[in-house]
Amino acid sequence: MPKIAIYPGSFDPVTNGHLDIIERGLKLFDKIIIAILTNPDKKFLFTLEERVQMLEASMKKFSNVEISTFDGLTVDYAAQRKAQGILRGLRAMSDFEYEFQMALMNRRLNREIQTVFLMTGMRWIYTSSSIIKEAAQFGGSIKGMVPPGVEKRIKEKYARKS
Ligand code: PNS
């Protein structure tokens, strides 16, 4: 049976830190299904369509990565897609409490699905979509932190907003 992981997240937008986790995850899983959260109550900078497009452009080189969208519970989506694992990246200690809480809740909701944490590469320890957006919003360089196409889109987004 192929080993499948769901990699859930907002991906608003995808960063090089996410790509690093996907590349590491592919060493453990036969297939990774990126699951982009569609939650209409959450405020995103990029539309769902834009987030899908940016991930598609960044994932072209991998044949065993699928990009999908979901709402509701991650464990339900994982079960629906017959995934055995939920993949999450860990950066600094500050991630731990939230991730620990979410993993335990997910385990309580569905004991068949295991959360697998992978440590991000050292270069991406302080990279997050939020900090990248904040830097870009005020004209700071985000080169090398996101795929080149994403850098262009963030700049365009903030140019339009100002
Ligand atoms: O990239 P993010 O914003 O850190 O991802 C958070 C995400 C999408 C993984 C989390 O909010 C989530 O799983 N949302 C779906 C609802 C759910 O299952 N919550 C956890 C158990 S209550």
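Remark: LEU90 matches the filter, which requires a residue to be within 14 Å of the ligand (Cβ to nearest atom) and in contact with an Asp or Glu (Cβ under 8 Å, 6 or more places away or on another chain). Residues of the range 1-31 that are within 12 Å of the ligand (Cβ to nearest atom), in a strand (DSSP E or B) and of a type outside the set (Phe, Trp, Tyr): ILE6, PRO8, GLY9. Within the range 114-140, the residues that satisfy the criterion of being outside any helix (DSSP H, G or I) and within 11 Å of the ligand (Cβ to nearest atom) are THR115, SER128. Look at the range 102-128: where a residue is under 19 Å from GLU23 (Cα atoms) and a partner is among the acidic types (Asp, Glu) and surrounded by 15 or more Cβ atoms within 10 Å (Cβ to Cβ), sitting 6+ places away or on another chain with Cβ atoms under 7 Å, you get PHE117/GLU99; THR120/ASP20; GLY121/ASP20; TRP124/ASP20. The set of residues in the range 72-95 that are open to solvent by 90 Å² or more (accessible area, probe 1.4 Å) and touching a strand residue (DSSP E or B) at 6+ places or on another chain (Cβ under 7 Å) contains only LYS82.
Among the residues examined, SER94 qualifies as in a helix (DSSP H, G or I) and among the hydroxyl-bearing types (Ser, Thr, Tyr). Quick check, is GLU99 modelled with pLDDT of 95 or more and touching a strand residue (DSSP E or B) at 6+ places or on another chain (Cβ under 7 Å)? Judged against the criteria, GLU99 is a match.
For the range 32-70, the candidate set comprises residues that are loosely packed, with under 12 Cβ neighbours inside 10 Å and assigned to a loop (DSSP other than H, G, I, E, B); within that set, the residue that is farthest from the ligand (Cβ to nearest atom) is SER63. If the condition is being open to solvent by 40 Å² or more (accessible area, probe 1.4 Å) and either in contact (Cβ under 8 Å) with a residue 60 or more places away in the chain or at positive phi (or both), then the range 2-31 contributes LYS3, ARG24, LEU28.
Acidic (Asp, Glu), open to solvent by 70 Å² or more (accessible area, probe 1.4 Å), modelled with pLDDT of 95 or more and more than 25 Å from THR47 (Cβ to Cβ), is that true of GLU112? It is true that GLU112 is acidic (Asp, Glu), open to solvent by 70 Å² or more (accessible area, probe 1.4 Å), modelled with pLDDT of 95 or more and more than 25 Å from THR47 (Cβ to Cβ).
The values are calculated or read from the model by the stated rules, or taken from the named source; none is laboratory data. Predicted model, so just to flag it, every value in this text is computed and none were measured. Note that we place each Cβ from the backbone using ideal geometry, even for glycine, and neighbour counts take in every protein chain shown. The protein model used for the area step is the full one, side chains on, heavy atoms only, and it has no ligands, DNA or RNA in it. Shrake-Rupley method; radii C 1.70, N 1.55, O 1.52, S 1.80 Å.
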